[in-house]
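Here's the structure, in structure tokens; my notes come after.
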Amino acid sequence: MELSKIIVSFFVLQFLLFQSPIYAATGNSNIFREYIGAEFNNVKFSDVPIHSGVEFHFILSFAIDYTMSSSSPSPNNGQFNVFWDTDNLTPSAVSAIKNQHSNVKVALSLGGDSVGGSSAYFNPSSVDSWVSNAVSSLTDIIEQYNLDGIDIDYEHFQADPNTFAECIGKLITTLKNNGVISFASIAPYDDDEIQSHYKALWESYSQVIDYVNFQFYGYDKGTTVSQFMDYFSTQRSNYEGGRILASFSTDGIAGLSPENGFFTACSELKSKGELVGIFVWSADDSKSNGFKYEKQSQALLAISH
């Protein structure tokens, strides 16, 4: 009898441990994510190779709470409009790629670096008004496009970190509670202002953030494998318990590139049980090289954990 109690207790303990957020956030996984549509290169979902052994997320870039004025877009207090390539990345195209590949989900990203040639600012009038407008306008876009999640990529701010945290945290929480989205991610990079805002968000609302798309390609172009590993460790500490994805850019401007050791770093992360996934900026840039590194990324992730 005592032995049976011990055995039952052991399995209950195992269950509780593996259900906890800390354990859920660690370990290798097969998430592959790619931003698409920001550069209007006529790239289509169907152009991008999709491996059946990964969970694949397209991230439409971008939805921005700015007016649609062609001459000078201006902040619009949470009333979002679509600024991605809508000629090629349409609601019907979303439905088609999801119907063709059961492992594909599609999200949209909020903010981005610029709009109309100028910086795209997070500039709410108030927390409550911004959240109300954002929930309404984004729900309409997400339902129109049959999307699954959102990504937060604001990079310029006219609001303090706490206001940003409350606006974004309440937005994600409301969209999830309303059943509008099933996942959310954030996309910070190593900049003091960026980190102050996103770490404030993480501190208050990490429980509703599923992935951290940290922009490791924001580091210097000469980044080495060992430096990348150090950077990755630092960001795991900054976003403790988060599912941090490795990343590279196919525009070749900065960061550790695939040519210079990115996949070596990923293999090291995988050997340590820390490769949650990989994301790429962006399909628009990759179109010209036939998505060579998207194929390599997915092949690595699809190998049995």
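The values are calculated or read from the model by the stated rules, or taken from the named source; none is laboratory data. None of the values given here were measured: they were computed from a predicted structure. Cβ atoms come from the backbone with ideal geometry, glycine included; neighbour counts cover every protein chain shown. When the accessible area is computed, the model is the full protein with side chains, heavy atoms only, and any ligands, DNA or RNA have been set aside. Shrake-Rupley method; radii C 1.70, N 1.55, O 1.52, S 1.80 Å.
Take the Cβ atoms of Asn77 and Asp113, set R0 to 22 Å, and the FRET efficiency comes out at 0.65. Note that the chain presents 44 Å² accessible area per residue, ligands and nucleic acids not counted, probe 1.4 Å. One decimal place: the segment Asn99-Lys295 gains 68.5 nm when fully extended, by the rule 0.36 nm per residue minus the C-alpha distance.
Extension gain for the segment Asn162 to Asn146, taken as residue separation times 0.36 nm less the Cα-Cα distance, is 2.6 nm to one decimal. With a 10 Å cut-off between alpha carbons and a GNM built on the chain, which of Asp251, Asp151, Asp192 moves the most? Between Asp251, Asp151, Asp192, it is Asp192 that shows the largest mean-square fluctuation. The residues neighbouring Ser286, those whose beta-carbon lies less than 15 Å from its own, together hold a net charge of -4 under the Lys/Arg +1, Asp/Glu -1 convention. Scaled against 2.2 N^0.38 Å for its residue count N, the alpha carbon radius of gyration of the stretch 121-266 is 1.11.
Per-residue counts of other Cβ atoms within 10 Å, averaged by peptide: what ranking do you get for 113-120, 32-39, highest first?
32-39, 113-120
Derived scalar couplings between HN and Hα for the stretch 271-286 equal 5, 8, x, 10, 8, 5, x, 9, 10, 10, 10, 8, 4, 4, 6, 7 Hz in order, rounded to whole Hz, by the Karplus curve 6.51 cos²θ - 1.76 cosθ + 1.60 (θ = phi - 60°), x for Gly and Pro.
Couplings for the stretch 114-126, taken from phi via the Karplus curve 6.51 cos²θ - 1.76 cosθ + 1.60 with θ = phi - 60°, read 8, 8, x, x, 10, 4, 8, 9, 7, 9, x, 6, 7 Hz in order; Gly and Pro are left as x. Per residue, the convex hull spanned by the alpha carbons of the stretch 173-219 comes to 71 Å³.
When the chain is treated as a GNM with alpha-carbon contacts under 10 Å, the residue of Ala107, Ala283, Ala159 showing the greatest mean-square fluctuation is Ala159. The charge dipole of the stretch 204-305, taken about its Cα centre with unit charges on the Cβ atoms of Lys, Arg (+1), Asp and Glu (-1) only, comes to about 220 debye.
Each label point was placed 7 Å from the Cα along the Cα-to-Cβ direction; for Gln227 and Asp251 their separation is 1.9 nm.
Note on the chain: with charges restricted to the Cβ of Lys and Arg (+1) and Asp and Glu (-1), its dipole about the Cα centre is near 980 debye.
Computed about the Cα centre, the dipole magnitude for the stretch 68-197 is approximately 560 debye when only Lys and Arg (+1) and Asp and Glu (-1) carry charge, each at its Cβ. Out of the DSSP beta bridges found with both residues in the chain, what percent are antiparallel (nearest 5)? For the chain, the DSSP antiparallel bridge percentage is about 10. Amide H contacts of Gly78: none lie under 5 Å away among residues 5 or more positions distant or on a separate chain (H built 1.01 Å from N in the peptide plane; Pro and chain starts excluded).
A straight Cα-to-Cα reach below 27 Å connects Lys199 with the lysines Lys105, Lys170, Lys176, Lys221, Lys270, Lys272, residues fewer than 8 places away in its own chain not being considered. Ordering 152-158, 43-49, 60-66 by mean Cβ neighbour count within 10 Å, with the highest value first, yields 60-66, 152-158, 43-49.
May I ask you to derive the relative contact order of the chain, considering only C-alpha pairs under 8 Å and at least 6 residues apart, and to give it as an integer percent?
22
Residue order by solvent-accessible surface for Glu143, Glu294, Glu268 is Glu143, Glu268, Glu294, largest first, with ligands and nucleic acids left out and a 1.4 Å probe. Globularity index of the chain is 1.01 (Cα radius of gyration / 2.2 N^0.38 Å, N = number of residues). Distance between the pseudo-spin-label points of Asp128 and Glu203 (7 Å out from Cα toward the beta carbon): 2.5 nm. Please work out the FRET efficiency for the pair Ala302 and Thr264, using the Cβ-Cβ distance as r and a Förster radius of 22 Å; give the result to the nearest 0.05. Here the calculated transfer efficiency is 0.75.
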